[in-house]
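Bear in mind that the values in this text are calculations on the coordinates, not laboratory data. Keep in mind the model is a prediction, meaning the values are calculated, not measured. Positions of Cβ are backbone-derived with ideal geometry, glycine not excepted, and every protein chain shown enters the neighbour counts.
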Amino acid sequence: MVRTACLFSQILSLVDRVEFTKLARLHHANRYTKRFNAWDHFVSMLFCQFAQAKSLRETCDGLGSAVGKAIHLGVANLAKRSTLSYANEHRPAEFFKALFFTLSVKLHSLAGFGRGKRKFRFKNRLVTLDSSVITLCLELFPWADYTRTKGGVKLHLLLDNDGYWPTYAHITEANCPDIQIARTLALVAGSVIVIDRAYVDYELWGRWTRDGVYFVSRLKSNIPFNVVEALPVPPSKKGRILSDEIIQLASLRGRDLCPYRLRRVVVQDEATGNTVELLTNNEKFAADTIGKIYRDRWQIELFFKALKQNLKVKTFLGTSRNALEVQLWTALIAILLVKFLQWRSSRNWSLSNLVALLRWNLFQHKHLWDWLEDPIGAPPGLPDHPQLSLPGFSFGQLRAASA
């Protein structure tokens with residue numbers, strides 16, 4: 001007797017159906033819908049992500065092949081290709097965006113999420129801001145004009161370094177400046193945000209400093225500054241920290257928009273030997289800590305790489321802007337769920353391995369949390385039936401003959 005739902009159903013249980021219904025009503029996601037409602041659509045697109053379905057046909061036929069199991073997913077109607085295509089084009093992508101933010105807050109609030117796995121000793125919230133361009137075929141996506149020969153969209157992401165999971169995302173045209181999105185962020189006082197040289201903006205630096213938000217960034221070589229004070233470097237750190245200085249911006253625009261004391265830390269990469277000039281408005285952290293904070297920015301690059309390699313964000317089931325955004329938001333929801341499973345398990349999962357095993361076991365009837373700890377073991381509740389023998393044949397006779 002099957003005592004547990006399939007793994008896919010248990011993963012879907014992390015999504016609050018009450019909140020889902022509220023969001024669907026708020027964004028009119030079920031307007032003009034006769035049978036294929038918002039939940040059916042969401043399950044279909046999430047299956048596309050987990051199963052890495054390459055087309056509408058694979059998505060619909062893949063769910064359709066699970067006859068008798070889809071009822072545990074809460075799916076009332078399995079979609080046909082034309083139905084799913086129409087839903088991707090017309091059901092508002094803002095609904096899936098709101099679902100992503102709601103789920104992100106819920107998983108963060110669950111007890112034990114990220115506890116005991118902090119890399120730094122300070123209690124400030126550490127986040128990383130960056131963007132990545134998803135290239136598209138300009139003939140198929142003429143609205144996504146990027147270059148003369150390519151189309152594209154840009155995914156802006158704010159990554160929480162406590163667990164490396166996304167807390168904010170935004171999709172824009174590929175030629176949208178990164179700094180334009182950074183200016184819209186409202187960060188909590190005391191937060192530490194790590195950025196690269198694409199976010200150099202005197203006005204933004206000044207606003208963050210006034211609001212009590214700390215930033216760590218690469219320093220452009222063409223930014224003029226005056227050294228106010230040279231801070232001592234501990235003898236044990238002189239191999240990695242080349243200089244530690246308090247500076248002020250020297251240009252008229254810099255002094256006007258950011259008239260605050262800043263800190264310039266020059267560190268040396270132990271692996272390559274290259275020197276990196278860092279700029280921050282934090283005078284409390286050790287210089288070595290500033291270098292490690294910026295080095296941790298590489299995790300967002302690994303996140304983008306994992307997103308593109310393990311989920312469906314490079315080929316799309318539709319060519320309209322709404323269909324593309326629906327697929328991107330469901331990909332972010334999928335990786336958010338996978339990251340939560342990865343943190344919940346005590347097994348040392350790699351994200352790619354977890355996604356692969358989930359893809360092969362979506363409809364296996366095993367307890368999810370037990371499966372996360374031992375995915376290779378035998379399924380629970382195996383029947384203990386005696387082996388039946390064929391008429392006129394016994395295994396004893398076979399053993400005797402072989403002897």
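Observations
- Remark: segment 77-224 carries a charge dipole of roughly 640 debye about the Cα centre, counting +1 on each Lys and Arg Cβ and -1 on each Asp and Glu Cβ.
- Scanning the chain for DSSP H helices at least 27 Å long along the axis (C-alpha atoms) with a Kyte-Doolittle mean no lower than -1.0 picks out 321-344.
- Centroid-to-centroid separation of segment 337-365 and segment 75-97 [C-alpha atoms, Å]: 26
- Loop trypsin sites (Lys or Arg not before Pro), segment 29-112 (other Cβ atoms within 10 Å of the site Cβ: 16 or fewer; DSSP): R31, K34, R35, K54, K80
- Farthest toward the positive end of the dipole of segment 247-348, out of F316, P259, N282, is the Cα of F316, where the dipole comes from beta carbon charges about the Cα centre.
- In this structure, the residue pairs whose Cα-Cα separation is over 19 Å, taken from K305/K339; K119/K339; K54/K80; K97/K366; K237/K292; K106/K308, are K97/K366; K106/K308.
- Here the contact order of segment 206-295, divided by its residue count and restricted to Cα pairs under 8 Å and six or more residues apart, works out to 31 percent.
- Taking other C-beta atoms within 10 angstrom as a stand-in for reagent exposure, C48, C258, C137 fall in the order C137, C258, C48, fewest first.
- Mean projected area of the Cα convex hull of the chain, taken over all directions, amounts to 29.7 nm².
- Rough spin-label spacing in nm, given labels placed 7 Å along Cα→Cβ, for R321 and E270: 4.8
- Each residue in S131, S191, S109 was given a count of other beta-carbon atoms within 10 angstrom of its own, and listing them fewest first yields S109, S191, S131.
- For the chain, built as a Gaussian network whose Cα springs stay under 10 Å, the top-fluctuating residue of Y86, Y164, Y32: Y32
- The rule of thumb for compact globular proteins, 2.2 N^0.38 Å, goes into the C-alpha radius of gyration of segment 206-295 1.07 times.
- Gaussian network model of the chain, springs between alpha carbon atoms under 10 Å - residue of V265, V200, V188 with greatest fluctuation: V188
- Top positive-direction residue, dipole computed over segment 206-295 with Cβ charges, set P234, G273, P224: P224
- Residue among A66, L126, F100 farthest towards the positive dipole end of the chain, charges placed on Cβ: A66
- Only Lys, Arg (+1) and Asp, Glu (-1) charged, at Cβ; segment 206-295 dipole about Cα centre in debye: 180
- Estimated [θ] at 222 nm from DSSP helical runs (n ≥ 4, -39500 (n - 2.57)) normalised by residues in the chain, nearest 500: -11500 deg cm²/dmol
- Look at H367, H72, H41 and count the other Cβ atoms within 10 Å of each Cβ; fewest to most, that gives H367, H72, H41.
- Estimated dipole of the chain in Debye, rounded to 20 [Cβ of Lys and Arg +1, of Asp and Glu -1, Cα centre]: 360
- Reachable aspartates and glutamates from K34, criterion Cα separation under 20 angstrom, eight or more residues apart if same chain: E89
- Percent RCO, i.e. relative contact order, over the chain, from Cα pairs under 8 Å lying at least 6 residues apart: 19
- Looking at the chain alone, DSSP beta bridges between its own residues are antiparallel in about 85 percent of cases.
- Comparing N353, N37, N281 in a Gaussian network model of the chain, where Cα atoms under 10 Å apart are tied by springs, the biggest mean-square fluctuation is seen for N353.
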